[in-house]
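The values are calculated or read from the model by the stated rules, or taken from the named source; none is laboratory data. All values reported here derive from a predicted model rather than from experimental measurement. A quick note on method: Cβ atoms are made from the backbone with ideal geometry, for glycine too, and the neighbour counts reach across all protein chains shown. The protein model used for the area step is the full one, side chains on, heavy atoms only, and it has no ligands, DNA or RNA in it. Shrake-Rupley method; radii C 1.70, N 1.55, O 1.52, S 1.80 Å.
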Amino acid sequence: MRVTGPLILRGVTVVDVLAGGLRPEVDLLLRDGVIERIAPAGTLGDTDAEVVDARSKYVVPGYVDAHAHPLGLADAAAALELMGAFGITGFRQMSGSTALLAERARSALGLPDGGPALLALPGDLLMPMNAGTVDAALTTIRQQKDAGADFVKVVAVTPEVLLALLDEAAVLGLPVAGHLPNGIDVREASRHGMRCIEHLGPGVGITAATADAESSIRAEAAAGARSLKVPSFTFPGAARLMGRLLKKIVINPVTMNKPRDIELLARADDTFDEAKARAVAAVFVQNETWQCPTLIRVRTQELADDPRHTADPELRYIAESTVRSWKRANAKYAEQGESAHATYRRTYDLQLRLTKIFEEEGVKLLTGTDSCGAGWVIPGHSLHQEFDELAGAGLSPLSVLRAATSNAAEFFGTTQDQGSVDEGMRADLVLLEANPLESVDALHRIAGTVRGGRYRDAAELDAVKSRIAGTRAITA
């Protein structure tokens, strides 16, 4: 059942994400995409409203995937629809462009009904081609600010460039998120104002700072730093060529690791110091440096041959050509051998441990997946896998729910109308069959969703999934 007009959710239990409590047996009146009233069950009698019997159901804010790449794909609509069918009502696009910024300015992105809302969009990724020097990086971010970018996404720059652009971005009021360069002191990046670190680094970006052997690990990481080999000049088709190169790398970046890179991961694990990790967390808290761990993305890189990924039934949504490209990347992963794989498994265990330490120390976390490009990461489904990985790291059900809802609203500065189920808030909601404060499993048991005040029940959501699976529409 799809309802697009005024709607009453009758007899539902509201989950107070902020306080961690329940408000049982209430009616929610939704109108024009907003929660207009909340009242005791049975007391709202708006004759114009459709009524959904939501007794025994729990309602939470819609989920946010704070690290995804659907825009710009030929099949972006299918990816976004699938995300919506899994309860995602908002996303942060992590790869932008001048063209996408211009399309957004013209309201021409063409986001599908039922898909999530775009919460933030950057300009072009900062890489050696546009940020190979301090001057080039500063010019690039000033241009992106003028073009309307919401933030800067850093992928591959030097420590010197990162610190300089962080200082300039602070002047421009432009947040910076992304990857840490090899050899950087992550505490310095935090002190210079890095807004969000993605993928827990990656590599030894964070774990170097939590190791007794920090000095040698950072020095060797800097000495052996790799960067994308790009020309110092542009030519017709350069951007397209770079895009194809990045697409191959993004499937699984650990396949590019050399023996030195793997040895540094092992040394960071061998010399891990929990006290240092908690001290790093304190720096993040002091400087309001957020973490978007994307554990499912990290897992599919470091445990790429796990049947949980390679035999996932939800691969039914992904084009066969894409699955073949993921298998080719896995062949390169296999060539690295069991010793490397054992190091990756230990590294992933350390990253789970770090996620729990950061949460305990008050570092703010977001849920993200890196879907639409990353190998074995399936749009929509992967956010539910992220919930399970966070739970496996030791986070409570409430902490996982907050990372996907109220934390996201705080991060995007939208707490005035997002991130909680209250009067005056946007009607972007997920109805659940079970209490999400008791088990993370409840977050998977979706009875229906509301996006912009439009209700869809589980049957319609399943129909969307079946339609996409029937065409295997998504090409990463």
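Please arrange D305, D135 by accessible surface area, largest first, computed with a 1.4 Å probe and ligands excluded. Each step should come with its number before you reach the end.
On the way: D305 85, D135 115 Å².
From most accessible down to least: D135, D305.
Find the Rg to Rh ratio for region 61-410, where Rh is the Kirkwood radius over alpha-carbon pairs and Rg uses the same atoms.
Answer for region 61-410: 0.93.
Roughly speaking, what is the stretch gain from S466 to A223, that is 0.36 nm per residue apart minus the C-alpha to C-alpha distance, in nm to one decimal? Spell out each step's value before the answer.
Details: separation 243, 0.36 × 243 = 87.48 nm, distance 4.99 nm.
My answer for the length gained is 82.5 nm.
Once both axes come from the Cα atoms, what is the angle between helix 159-172 and the longest principal axis of the chain, in degrees from 0 to 90, rounded to 10?
Relative to the chain, helix 159-172 is tipped by roughly 40 degrees.
Per DSSP H run of at least 4 residues, take -39500 (n - 2.57); add these up for the chain, divide by its residues and hand me the 222 nm value, nearest 500 deg cm²/dmol. List each step's numbers first, then the result.
Working: 18 runs with 200 residues, N = 476.
My calculation for the chain gives -13000 deg cm²/dmol from helical runs alone.
Relative contact order for the chain: what is it in percent, counting Cα pairs under 8 Å that are at least 6 residues apart?
23
Where the centroid of each part is defined by its Cα atoms, how far is region 139-209 from region 300-348 in Å?
Comparing the Cα centres of region 139-209 and region 300-348, I get a distance of 29 Å.
Compute the helix-to-body angle for 214-223: its Cα long axis versus the longest principal axis of the chain, expressed 0 to 90° and rounded to tens.
70
For the chain, take the longest principal axis of its alpha carbons; what is the angle in degrees between that and the long axis of helix 320-335, to the nearest 10 within 0 to 90?
Taking the Cα atoms of the chain, the angle to 320-335 is about 40 degrees.
Calculate, for E410 and L22, the FRET efficiency according to 1/(1 + (r/R0)^6) with r their C-beta to C-beta distance and R0 30 Å; round to the nearest 0.05.
Using R0 = 30 Å, I get an efficiency of 0.90.
Which of the aspartates and glutamates could a cross-linker span from K145 if the Cα-Cα distance has to be under 13 Å and same-chain partners fewer than 8 positions apart are dropped?
Excluding near neighbours in sequence, the set is D124, E168.
With a point put 7 Å past each Cα toward its Cβ, work out how far V171 is from R445 in nm, to one decimal.
5.5
If R0 is 41 Å, what FRET efficiency do you get for E160 and A311 from their C-beta distance, rounded to 0.05?
Values: r = 44 Å, r/R0 = 1.08.
It comes to 0.40.
Assuming R0 = 22 Å, what is the FRET efficiency of R55 and D388, from their Cβ-Cβ distance, to the nearest 0.05?
For R55 and D388, the calculated efficiency is 0.20.
Distance in nm between label sites at S216 and V34, each 7 Å beyond Cα in the beta-carbon direction?
Computed distance between label sites S216 and V34 equals 6.2 nm.
Would you mind putting 169-175, 180-186 in packing order, based on average other-beta-carbon counts within 10 Å, highest first?
180-186, 169-175
Quick one: go through region 447-476 and flag any residue whose amide nitrogen is under 19 Å from the point 7 Å out along the Cα-to-Cβ line of V323.
465-476
Which value in nm describes the separation of the simple spin-label points at Q143 and A99, placed 7 Å from the Cα toward the beta carbon?
Each label point is offset 7 Å from its Cα along the Cβ direction, giving 1.6 nm.
My understanding is that a pair violates if its Cα-Cα distance is over 26 Å; which of K276/K356; K258/K364; K247/K327; K153/K247; K258/K327 do that in this structure?
Values: K276/K356 14 Å; K258/K364 33 Å; K247/K327 14 Å; K153/K247 16 Å; K258/K327 20 Å.
Where the Cα-Cα span goes over 26 Å, the pairs concerned are K258/K364.
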